[in-house]
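Worksheet: one structure, shown below.
The values are calculated or read from the model by the stated rules, or taken from the named source; none is laboratory data. Since we're looking at a predicted model, the values are computed, not measured. Glycine also receives a Cβ, built like all others from the backbone with ideal geometry; neighbour counts cover every protein chain displayed. We work out accessible area using only protein heavy atoms, side chains counted, and drop any ligands, DNA or RNA first. Shrake-Rupley method; radii C 1.70, N 1.55, O 1.52, S 1.80 Å.
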Amino acid sequence: MLEVRELRYFLEVANTCNITKAANHLHVTQPCLSRAIKDLEGKLGQRLITRRSHSVELTPEGLLLVERARSIVSLVGNTEREFKTLTQKIAGKVNICAAETPAFAWLAAVIAEIQSEHPEVVFNLESGNYEQTLVRLDQGIYDFGLVVEPFAQLEHFEVLTLPVVDPWVLLLPTGHPLTHRKFITPDDLVAEPLILSSQELNNHADTGLHAWFGAKRFAQLKVVDTFNLLYNAVILVEQGIGLIPALSGIINVRGNPKLCQLPLRPAFSTHVYLIWGRHRTLPPAARLFLECLTERVDAATAE
């Protein structure tokens, strides 16, 4: 049976690529660490590292274990923290994997409210696209995911619809010939080099940008690059590599002389959702977060 201690030891070796350094960081002797790695290899029946003169190198099997071990160690750590807080005042960590969207302001308002009353609650935020969010929720690493439609495969998750829609715009470099237009239509972009979200590129033909362009036009698009998070992709736009259809409000266009944006016509917008595991028991801090956010959503919906 695998031990978490062995996985933690292995991850330290993988991070340092050196048995001596890893042993020093772990405050154990080098023979003790070497024996733990050898025991782990024996349990898995695979060689995980190759020893060099002054370093170690991960085998393909070792590289595979790194990803699995990180998830396991993180899940164990989260579980330990959750149970320590069950009999205490509300404290602990709430883990959220969120898409880049201005709708995150709804979550930020709840975070501010909770931390003003419960300063021992800590929020761990990670940006991630739809696929990354589902994986982290399935693994139990994160409590909540903030996702932007379109999406599928949510039968194992609870869903809270935020009372907001995110409009889409076209991001393009200052001086581009299209900047004189008041709005952008699908026909305007058929011949342009585009940089598209990998999520949108892989969506079903009747949703998202596929639906806005239409199946025939979408098949004709010149997609030069793809991305999963917007910030770095915008630098490609500034360099004149391509144009990006994206959610409005993520990038500060007014403060960037190299960039401008134009609305899409017909108008295109998407809904935003908070999701969490349907059969997972949330720890106290996460339950409080969900209750506070639900109250805000219900109040806004009733207005």
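Data for the structure
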item	result
Which numbered condition ALA105 misses (of (1) in contact with a strand residue (DSSP E or B) (Cβ under 8 Å, 6 or more places away or on another chain); (2) open to solvent by 50 Å² or more (accessible area, probe 1.4 Å); (3) among the aliphatic types (A, V, I, L, M))	(1)
SER269 vs. criteria closer than 26 Å to GLU158 by Cα, polar (S, T, N, Q) and touching a Phe, Trp or Tyr at 6+ places or on another chain (Cβ under 8 Å)	yes
Pick from region 197-219, criterion part of a loop (DSSP other than H, G, I, E, B) and either modelled with pLDDT of 85 or more or among the hydroxyl-bearing types (Ser, Thr, Tyr) (or both), ranking: surrounded by the most Cβ atoms within 10 Å (Cβ to Cβ)	THR207
Qualifying positions in region 4-22 - within 14 Å of HIS54 (Cβ to Cβ) and without any contact (Cβ under 8 Å) to a residue 12 or more places away in the chain	THR16, THR20, LYS21
Residue in region 120-135 that is surrounded by the fewest Cβ atoms within 10 Å (Cβ to Cβ), counting only those that are in a helix (DSSP H, G or I) and either among the hydrophobic types (A, V, I, L, M, F, W, C) or at positive phi (or both)	VAL135
Hey, ILE184 in contact with a Phe, Trp or Tyr (Cβ under 9 Å, 6 or more places away or on another chain) and crowded, with 16+ Cβ neighbours inside 10 Å or not	no
In region 231-256, the residues that are touching a Leu at 6+ places or on another chain (Cβ under 6 Å), assigned to a strand (DSSP E or B) and either of a type outside the set (Val, Ile, Thr) or at pLDDT below 90 (or both)	LEU243, PRO245, ALA246
GLU117 vs. criteria of a type outside the set (A, V, I, L, M, F, W, C) and crowded, with 16+ Cβ neighbours inside 10 Å	no
Boolean, TYR142 is of a type in the set (Phe, Trp, Tyr), under 19 Å from LEU293 (Cα atoms), surrounded by 15 or more Cβ atoms within 10 Å (Cβ to Cβ) and touching a helix residue (DSSP H, G or I) at 6+ places or on another chain (Cβ under 6 Å)	yes
Considering residues of region 42-73 that are among the hydroxyl-bearing types (Ser, Thr, Tyr) and touching a residue at least 24 places away in the same chain (Cβ under 8 Å) only, the residue most open to solvent (accessible area, probe 1.4 Å)	SER55
Residue check for VAL148: β-branched (Val, Ile, Thr), closer than 30 Å to LEU107 by Cβ and open to solvent by 30 Å² or more (accessible area, probe 1.4 Å)	no
Flag if ALA69 is in contact with a strand residue (DSSP E or B) (Cβ under 8 Å, 6 or more places away or on another chain), closer than 20 Å to ILE141 by Cβ and part of a helix (DSSP H, G or I)	no
Search result, residues across region 46-80 that are in contact with a helix residue (DSSP H, G or I) (Cβ under 7 Å, 6 or more places away or on another chain), more than 12 Å from ALA14 (Cβ to Cβ) and not charged (D, E, K, R)	GLN46, ILE72, VAL76
Residues being surrounded by fewer than 16 Cβ atoms within 10 Å (Cβ to Cβ) and part of a loop (DSSP other than H, G, I, E, B) - total across region 257-303	10
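Here's the yes/no breakdown for (1) under 29 Å from the mean Cα position of the chain (by Cα); (2) aromatic (Phe, Trp, Tyr); (3) open to solvent by 20 Å² or more (accessible area, probe 1.4 Å):
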| residue | (1), (2), (3) |
| --- | --- |
| LEU171 | yes, no, no |
| HIS176 | no, no, yes |
| THR179 | no, no, yes |
| LEU189 | yes, no, no |
| ILE195 | yes, no, no |
| LEU221 | yes, no, yes |
